[in-house]
Amino acid sequence: MDRREQVLRTLNAHGLTVSTAESCTGGMIAAALTDLSGSSAVFVGGVVSYWTEMKHKILGVSQETLDAYGAVSPQTAREMAEGVRALTGSDLALSVTGVAGPDRDERGNPVGLVYLALTDGETTTVHQPENLGSTRAEIRRGAAEAALELLLEYFETK
């Protein structure tokens, strides 16, 4: 069983739903989950907020956070996850924001810097996965895989 199947089975077993807020992965997490039959029972929906303005307008990331820390920051990842959970009404929400390259972002953040967040409405955790790859494609794939792994790790503590 691959990681996507594990995620769907685990969500089903716990009777929980999930939504996603994606930036650098451009919907890869949502696509990975919805590739599988039965995903509609647990995947509520997702938002691809590639532009910083969309993180604010759609997901409710505060302008203060964006001004102070930028779009690629632990603070923004946290607010993205919390925002998509509030927007969709899902039990859990995942977010990802980062720099896939080939160049640094406007704040000088390095290629490969990625932040993931997971919230259940009570607790929000933020992670910075490392060694996701060296190319844009590898970083994006690695970030999507790391997000699914983060979701599975959540259930190990429950």
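The values are calculated or read from the model by the stated rules, or taken from the named source; none is laboratory data. Given the structure is predicted, the values throughout are model-derived calculations rather than measurements. As a convention, Cβ positions derive from the backbone with ideal geometry for all residues, glycine included, and neighbour counts pool all protein chains shown. Ligands, DNA and RNA are excluded from the accessible area calculation, which covers all protein heavy atoms including side chains. Shrake-Rupley method; radii C 1.70, N 1.55, O 1.52, S 1.80 Å.
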Taking R141 as meeting all but one of (1) closer than 18 Å to G26 by Cα; (2) open to solvent by 30 Å² or more (accessible area, probe 1.4 Å); (3) in contact with a strand residue (DSSP E or B) (Cβ under 7 Å, 6 or more places away or on another chain), write down the number of the exception. (3)
Every residue from the range 101-122 that is open to solvent by 80 Å² or more (accessible area, probe 1.4 Å) and within 20 Å of R78 (Cβ to Cβ): R107, E122
Here are some residues: T97, T123. Which one is touching a residue at least 40 places away in the same chain (Cβ under 8 Å) and either out of contact with any Gly (no Cβ under 7 Å at 6 or more places or on another chain) or of a type in the set (A, V, I, L, M) (or both)? T97
Checking D2 against (1) within 15 Å of the chain's Cα centre (by Cα); (2) under 20 Å from L151 (Cβ atoms), which single condition isn't satisfied? (1)
Identify the residue in the range 11-40 that is touching a residue at least 40 places away in the same chain (Cβ under 8 Å) and farther than 14 Å from A147 by Cβ and, among all such residues, is surrounded by the most Cβ atoms within 10 Å (Cβ to Cβ). T17
What's the number of the only condition in (1) out of contact with any helix residue (DSSP H, G or I) (no Cβ under 8 Å at 6 or more places or on another chain); (2) β-branched (V, I, T); (3) surrounded by 18 or more Cβ atoms within 10 Å (Cβ to Cβ) that V126 fails to meet? (1)
Anything in the range 145-158 that is open to solvent by less than 60 Å² (accessible area, probe 1.4 Å) and more than 15 Å from L8 (Cβ to Cβ)? List them, or say none. A146, L150
